[in-house]
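Here the structure comes first, spelled out in structure tokens, and everything after it is commentary.
The values are calculated or read from the model by the stated rules, or taken from the named source; none is laboratory data. Bear in mind that the values here come from a model prediction, so they are computed numbers and not experimental data. Counting neighbours? That spans all protein chains shown, and the Cβs are built from the backbone with ideal geometry, glycine included. The accessibility values were calculated without ligands, DNA or RNA, using every heavy atom of the protein model including side chains. Shrake-Rupley method; radii C 1.70, N 1.55, O 1.52, S 1.80 Å.
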Amino acid sequence: MAKLRDALLPAQLRKVAKPGSGGVPKEQAPADLKTSPPKRQTELERIAEKAKEAPIDTAAWLDQRLGASGFLNGMLFRKVPKGTNWFYTLGSATLIAFIVQAVTGVFLAMFYTPSATQAYASISHINNEVPLGQFVHGMHKWGASVMVILIFLHMGRVFFFGAYKYPRELNWVIGVVLLILTMTMAFTGYLLPFDQRSFWASIVGPYLSDFLRAGPEFGATTLARFYAIHMLLLPAAIIALIGAHLYLVVKLGTTAPPWVKAEPPKVATPVAELEAGAENGHVNGYERTDGGDGTGGTPA
């Protein structure tokens, strides 16, 4: 029955017969296998082997369902123009500053109370009683200034290098919106400690401040509105625009510095010109002196 089944199956699907059965000759084992046979793996070693391959298998499983390898390859292995220098890292530095703001902001939100009567006390509690609270609060406070400085420098680099021109106009517009949102985020976060400095900073401007304060007066609703905008609305908008910004950077690439001149493309010599040069006694810049047999020549 087994022979009949194997005869009906294609050769590629047939099960390979063991040595010494099914007409397969049984060969002698190599000498090294006789003297030092391979050690069989224990069950613990098999589990350890599978555990080492688990991260790769998990990444492959996710990539098959998300298809993220194409974007990552374009992000990490894209062509970089000549003349690229440290000025091109300002965008990445701004992104890292935003990530630091997001992480430290989440930890601060665990202890902060957005209440007109408890906000200042909660900030004092973070700085004086929470372990590493003053350090995290300082990173978030000064990190906001660092992010504003970095995004201004990044926008200045894009402008002076001419990277806002075709076909990158949309990416420039997204960058301008991100700059405005970053300034707004710094402004709304300035009020959250709810001290005298925050009060005087929030009453500047007649129309925008009235909207942000939820009325002409500075009250408890003002703090709740600032907290909602600072923690929910602005981060969501910034994350979405950063994603669009990075997508366009990968798709369109980066521009070379203005002082680096582009090399003219190398164009192959047309066949017609080669044939005309051969007929006139010149081949690739050499004058033919051999009578046309191609055995010698002198420079033209």
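Taking every residue in region 74-87 that is over 11 Å from Pro257 (Cα atoms) and pairing it with any residue that is assigned to a helix (DSSP H, G or I) and among the aliphatic types (A, V, I, L, M), at least 6 positions away or on another chain, the pairs with Cβ-Cβ distances below 7 Å are Gly74/Val250; Met75/Val250; Arg78/Val250. Exactly one residue among Phe87, Phe77 is over 25 Å from Arg225 (Cβ atoms), surrounded by fewer than 14 Cβ atoms within 10 Å (Cβ to Cβ), under 27 Å from the mean Cα position of the chain (by Cα) and among the aromatic types (Phe, Trp, Tyr), and that residue is Phe77. Among the residues of region 126-150, those that are among the hydrophobic types (A, V, I, L, M, F, W, C) and either assigned to a helix (DSSP H, G or I) or open to solvent by 40 Å² or more (accessible area, probe 1.4 Å) (or both) comprise Ile126, Leu132, Phe135, Val136, Met139, Trp142, Ala144, Val146, Met147, Val148, Ile149, Leu150.
Looking at (1) open to solvent by 40 Å² or more (accessible area, probe 1.4 Å); (2) assigned to a helix (DSSP H, G or I), which is the only condition Ala93 fails? The single condition Ala93 does not satisfy is (1).
Looking across region 160-177, the residues that are out of contact with any His (no Cβ under 7 Å at 6 or more places or on another chain) and closer than 16 Å to Gly253 by Cα come down to Phe161, Gly162, Ala163, Tyr164, Lys165, Tyr166, Pro167, Arg168, Glu169, Leu170, Trp172. With respect to the stated conditions, Ala48 fails to be more than 18 Å from the chain's Cα centre (by Cα) and either modelled with pLDDT under 85 or closer than 27 Å to Tyr247 by Cβ (or both). One residue stands out among those in region 183-228 that are open to solvent by less than 40 Å² (accessible area, probe 1.4 Å) and on the phi > 0 side of the Ramachandran plot: the one that is modelled with the highest pLDDT, which is Gly215. Of all residues in region 96-122, exactly one satisfies the criterion of being in a helix (DSSP H, G or I), modelled with pLDDT under 95 and crowded, with 18+ Cβ neighbours inside 10 Å, namely Ala119.
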